[in-house]
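The values are calculated or read from the model by the stated rules, or taken from the named source; none is laboratory data. Please read these numbers as outputs of a predicted model, since none were measured by experiment. Glycine gets a Cβ as well: all are built from the backbone with ideal geometry, and neighbour counts include every protein chain shown.
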Amino acid sequence: MINPFGKPIEQLEEDDLNILIKEETSEGLYVEYKEDFPTHLAKIVASFANTFGGWIIIGVDARNPRNVPTSFTGINIARDPKDRFRHICRDNISPVPLFSSKLIVKSSDPEKGILVIRVPESAYPPHITKDGRIYRRNMEGSDPVGETDRHILERLFEKSS
């Protein structure tokens with residue numbers, strides 16, 4: 001999996017996020033930006049785990065034609081975002097994929113933060129969402145794609161053996 005920061009998630013600081021703006025890192029196979037928690041977050045997590053792994057950054061404004069970050073607006077941290085993310089995964093994905101997360105509190109507004117999540121490629125796919133679907137990432141867009149190809153499904157199951 002590509003690491004856009006060049007350092008482990010545990011070492012990330014607020015300034016490291018600016019690399020994404022400076023390098024114009026767009027959404028795609030390895031990165032997903034969200035302004036807040038989307039309703040389809042479990043699909044995104046499962047798709048990263050079922051494919052090559054990736055990074056989800058919540059609290060980012062990337063609403064532009066190229067899907068590159070323009071600013072880090074942050075999310076309210078009063079409701080522990082890390083705990084919220086953990087519960088979304090636990091309640092909506094089976095088996096729950098491995099992940100690590102870091103909440104970076106904004107220096108300009110200590111009530112807001114950016115949640116950075118690293119989801120590695122899973123050794124135990126497929127990860128199935130609550131709606132009974134298997135999602136994988138593709139380069140055509142940032143949306144997860146439901147899997148219907150039997151050959152791919154067999155390869156996912158073989159990988160976990």
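Quick notes on this one:
- Residues of segment 46-57 classified as buried (at least 21 other Cβ atoms within 10 Å of the Cβ), within 18 Å of Phe5 (Cβ to Cβ) and either out of contact with any helix residue (DSSP H, G or I) (no Cβ under 7 Å at 6 or more places or on another chain) or among the acidic types (Asp, Glu) (or both), total: 4
- Within the span defined as segment 17-27, every residue fails to be in contact (Cβ under 8 Å) with a residue 60 or more places away in the chain, assigned to a helix (DSSP H, G or I), β-branched (Val, Ile, Thr) and surrounded by 14 or more Cβ atoms within 10 Å (Cβ to Cβ).
- Some residue of segment 43-60 being in a loop (DSSP other than H, G, I, E, B) and farther than 27 Å from Ile134 by Cα: no
- Single condition Val96 does not satisfy, out of (1) modelled with pLDDT under 95; (2) under 18 Å from the mean Cα position of the chain (by Cα); (3) farther than 25 Å from Ser26 by Cα; (4) among the aliphatic types (A, V, I, L, M): (1)
- Those residues of segment 130-139 which are in contact with a strand residue (DSSP E or B) (Cβ under 7 Å, 6 or more places away or on another chain) and either more than 25 Å from Asn3 (Cα to Cα) or without any contact (Cβ under 8 Å) to a residue 24 or more places away in the chain (or both), in sequence order: Arg133
- Under the condition of being closer than 22 Å to Arg155 by Cα, surrounded by 20 or more Cβ atoms within 10 Å (Cβ to Cβ) and within 12 Å of the chain's Cα centre (by Cα), the residues counted in segment 100-144 number 3.
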